[in-house]
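Chemist: What follows is a single structure, and I will ask about it in a moment.
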Ligand code: ADP
């Protein structure tokens, strides 16, 4: 077992900076997912840890050892990749034990390790099967067993489930979690699939354009995103993001006015551009908002498209003023829209006028210019008299 530390790791390819001053401190026994959009530098980061790529700058440590200049075989890491490269002419036993035989381990030791690994990945009874006689999931388990027998300090997995069908991916996700529990070894796992990252990780490292954006437990990334990028990337569908301005009384967007004392925010002052973030599940139809103790005042909007998902309905809402900019990400609401999630038994139609409120305790505020988070969750407003000049909560 070992911790993995990246200190100021940068990898440049001619005019591309694939990894930009990356600092990571992955603890002994931790399961950390590197997530981010395609081309953000996940695989390159992983390759520098594996020793397949030499960083342009920076230091990589595994345990107390500086491994920056060591070849892959001396780093104590084992890799599992998206493409399962099993030897087609060898049975499962020979595939799993190949590396050990190459390193001239004695037969008893090889047998002991293969037995243990096949038990961990539940491949007992299949040792004499040929790869062509196995399903995609079984072949991937052989690849994992082959990594386990090496008894590495660290497992490096680069999209190992990417080629499997959706059902099998979900199944393998739980298998990998079980595997991690059993082996108690550090696992670094690359994926662009945030559902994988959310369900398996102890911590998620969110990367964009070669730069680390946030490394935190999944629910912290979800509930307290460090910046606009993480807010838009973690969560499906995406958080609604609405541009506005900080005023003396709070935030004013074209549609919403949410009151609070702006002096609670650091680094911005009235007149600055701020972005209001609200997840679809924190937008409520007014007549379903009894349980929301800390709601904004109702706002009148029109429904657009409905997406019944079975366990919930996604409702796209047209904001009165289409100057609003909502999250225009792949799975988010389009410009001028707000996405709301409601119970599946809600009676709602397209092109219907509805009143909505936002749960103030779950609102997020970001500095529009830097993208940095300013605040997660507003306190319940205290109703005070007008003489004080403080307005408890208002709507535009
Ligand atoms: P990800 O794994 O997040 O999809 P990569 O780490 O593969 O991203 O790539 C990060 C960036 O570095 C991309 O812009 C990619 O085109 C570039 N890149 C990766 N490998 C090479 C290489 N060998 N030569 C040149 N550019 C590369």
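Every number here is computed from the coordinates shown, using simple stated rules; none is lab data. Everything numeric here is computed off the predicted structure, so don't read it as measured data. So basically every Cβ, Gly included, is an ideal-geometry build from the backbone, and we count neighbours across all protein chains shown.
Chemist: Show me 187-199, 213-225 ranked by packing, highest mean number of other Cβ atoms within 10 Å first.
Modeler: 187-199, 213-225
Chemist: Further question on the same structure: Roughly what would the spin-label model give for residue 73 and residue 12, points 7 Å off Cα along C-beta, in nm?
Modeler: 3.3
Chemist: Return an integer: the convex hull volume of the alpha-carbon atoms of the range 114-240, in Å³ per residue.
Modeler: Once divided by residue count, the hull of the range 114-240 is 117 Å³.
Chemist: Taking only DSSP H segments of four or more residues, each worth -39500 (n - 2.57), what value at 222 nm results for the chain once the sum is divided by all its residues, to the nearest 500 deg cm²/dmol?
Modeler: The per-residue figure over the chain is -6500 deg cm²/dmol.
Chemist: Take 236, 263 and order them by how many other Cβ atoms sit within 10 Å, fewest up front.
Modeler: Taking fewest neighbouring Cβ atoms as first place, the list is 263, 236.
Chemist: Listed highest first by mean packing, meaning other Cβ atoms within 10 Å per residue, what order do 26-33, 97-104 come in?
Modeler: So the order, starting with the most tightly packed, is 26-33, 97-104.
Chemist: For the chain, calculate the relative contact order in percent as a whole number, restricting contacts to Cα pairs under 8 Å that are 6 or more residues apart.
Modeler: Here the relative contact order equals 15 percent.
Chemist: Round to the nearest 10 and give me the degree value, 0 to 90, for the angle of helix 107-120's Cα axis relative to the longest principal axis of the chain.
Modeler: Helix 107-120 sits at roughly 20 degrees to that axis.
Chemist: Show me the ranking of peptides 268-280, 339-351 by mean Cβ neighbours inside 10 Å, starting with the highest.
Modeler: Order by mean packing, descending: 268-280, 339-351.
Chemist: To continue, here is another question. So what is the relative contact order of the range 4-225, in percent, for Cα pairs below 8 Å that sit 6 or more residues apart?
Modeler: It comes to 30 percent, rounded to a whole number.
Chemist: Could you line up 363, 375 from fewest to most neighbouring Cβ atoms inside 10 Å?
Modeler: 375, 363
Chemist: For the range 128-162 and the range 169-189, write down the distance between their C-alpha centroids in whole Å.
Modeler: 12
Chemist: Here's a follow-up. Could you tell me the center-to-center distance, by alpha carbons, between the range 280-323 and the range 1-32 in angstrom?
Modeler: Using only Cα atoms to place each centre, the spacing works out to 41 Å.
Chemist: Taking 0.36 nm per residue of sequence separation and subtracting the Cα-Cα distance, how much length would be gained by fully extending the chain between residue 54 and residue 90, in nm to one decimal?
Modeler: Here the segment from residue 54 to residue 90 would lengthen by 9.7 nm.
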